[in-house]
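Student: Just passing along the structure, written as structure tokens.
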């Protein structure tokens, strides 16, 4: 099961007004919350574990380089997100959610992390069952805080904006994710990466660089 969709590039996307969020160079991790059980499951885009001592041990065995993520989530994000899901009127119609975060440190690159680096988690999406992903404007209104993905642009997705991102004019290292629509089935996303990041990929992965590009 793929817990988070692969984000396409801008070719063929609907376009129009969007919010562009900074795309962080790390590992996508999700955290599942239920009104009855609280935070109870977590994992990567492709696997899932119980958020229990046994499940955390299994996760650590499978993903040793991500072992710090549970403590970072519990200390920095879990309580704040849970309070919002519990208190906000907009979310009371839903009982199950997934919070999607990016795990990284100052020297993380292409999903690889330095053991000695301090790590952080940035919240970038919230999914509500059965609605789907919360729309970008609502996400910013409800979840926007220093531990959430930074908004670098509001406006129409144009070729000029995409090229400006690639040229490094928005102060992002990897790139941005553009999101438009009101959420659920009416949500579109597209990613744009910088030329500087492309150069790093080519230097690190040679002919495999496209596996990490747009």
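The values are calculated or read from the model by the stated rules, or taken from the named source; none is laboratory data. Source: prediction; values computed, not measured. Glycine gets a Cβ as well: all are built from the backbone with ideal geometry, and neighbour counts include every protein chain shown.
Student: Search the stretch 51-63 for residues being touching a strand residue (DSSP E or B) at 6+ places or on another chain (Cβ under 6 Å) and surrounded by 15 or more Cβ atoms within 10 Å (Cβ to Cβ), and hand back the single one that is nearest to residue 112 (Cα to Cα).
Tutor: 59
Student: Kindly list the number of the only condition in (1) in contact (Cβ under 8 Å) with a residue 12 or more places away in the chain; (2) loosely packed, with under 15 Cβ neighbours inside 10 Å; (3) in contact with a helix residue (DSSP H, G or I) (Cβ under 9 Å, 6 or more places away or on another chain) that fails for residue 203.
Tutor: Evaluating residue 203 over (1) in contact (Cβ under 8 Å) with a residue 12 or more places away in the chain; (2) loosely packed, with under 15 Cβ neighbours inside 10 Å; (3) in contact with a helix residue (DSSP H, G or I) (Cβ under 9 Å, 6 or more places away or on another chain) leaves (1) as the failure.
Student: Now a separate question. Which of the numbered conditions does residue 168 fail, given that it passes all the others? Conditions: (1) assigned by TED's automatic domain parsing to the domain that holds residue 68; (2) farther than 26 Å from residue 83 by Cα; (3) touching a helix residue (DSSP H, G or I) at 6+ places or on another chain (Cβ under 9 Å).
Tutor: (1)
Student: Restricted to the stretch 186-200, and to residues that are touching a residue at least 60 places away in the same chain (Cβ under 8 Å) and farther than 15 Å from residue 19 by Cα, which residue is surrounded by the fewest Cβ atoms within 10 Å (Cβ to Cβ)?
Tutor: Looking at residues that are touching a residue at least 60 places away in the same chain (Cβ under 8 Å) and farther than 15 Å from residue 19 by Cα, I get 200.
Student: Something else about it: In this structure, is residue 32 assigned by TED's automatic domain parsing to the domain that holds residue 163, assigned to a strand (DSSP E or B) and within 23 Å of residue 139 (Cβ to Cβ)?
Tutor: no
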